[in-house]
Amino acid sequence: MKRLSPMAGLGLLTLLAVPAMAADRRVPVQQWQPAYTQPRTYNWNGLYVGAHAGAAFDRFQGTTRKSRNEALFGGQLGYTVQSGRLVTGLEADFSLNGLGKGDKRTGGTTADMRYVSTFKARAGVAFDRVLVYGLAGAAYGSMRVSNGGFSREKGKLGYVVGAGAEYGITDNLSAKIEYNYVSLGKQNFQLAGGRTRVGVNEHLIKTGLNFRF
């Protein structure tokens, strides 16, 4: 029994030393870091309605006055669908042609556009808040032709092509600039001097705002 006493004492010292060493060891403190959240990209999906203003540069065929530049004002209604960066949609708009200035020649046959409406498909690429797109579709416009104090007004169906860019100012408001080339072809007008065949092509520049729902 006496021979076991030194061994028992050594074992007791070892057991007492282990907790003491553990108490002296520094415990690492885990620091909290916020999880990374990817920035939210702009959402181009949904219905929108808006207004636009700009200029119409009309070029006529079959008239004495070959050109007329006018202000235009109107509105638009559309719907877009976004898949990744691809944005497609449909839009209808209506523009009234305001007072304008043609060339200075007088007399003969003259013409001016009263309004133009388009129904078009749009397809483009979104770079977050910036959308660049092309468009194509149908156009309908009304043209008034005058000669010798006698005037006739007719509407005609044609086509529209163009391109534009739009920027998302807020989640619900965007601004756009757009170019439209509208061709309505030619049609016959019975005037005082007889039958006249008149055609028109329009170059439209539109700037506008859209409210997105």
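Details
- Mean separation of Cα pairs under 8 Å and 6 or more residues apart, divided by the residue count, gives region 46-212 a relative contact order of 23 percent.
- Other-chain or far-sequence residues with amide H under 5 Å of ARG129's (modelled H): TYR42
- The string of couplings for region 77-82 from the Karplus curve (6.51, -1.76, 1.60, θ = phi - 60°) is 9, x, 8, 10, 10, 10 Hz, one whole number per residue in order, with x for Gly and Pro.
- Label-to-label distance, ASP128 versus ARG85, with points set 7 angstrom from Cα along the beta-carbon direction: 1.3 nm.
- Label point at LEU77 placed 7 Å out along Cα→Cβ; residues across region 108-129 whose backbone nitrogen lies under 20 Å: 115-122
- Site pair SER183 and LEU47 shows an inter-label distance of 3.5 nm when each label is modelled 7 Å from Cα along Cα→Cβ.
- A Cβ-based charge dipole, computed about the Cα centre of region 46-212 with Lys and Arg at +1 and Asp and Glu at -1, lands at about 780 debye.
- Calculated FRET value between LYS154 and PHE119, using beta carbons and R₀ = 25 Å, to 0.05: 0.80
Read-outs: derived from the displayed coordinates by stated rules, not from any lab. Remember, it's a predicted structure, so these values are computed and weren't measured experimentally. Glycine also receives a Cβ, built like all others from the backbone with ideal geometry; neighbour counts cover every protein chain displayed.
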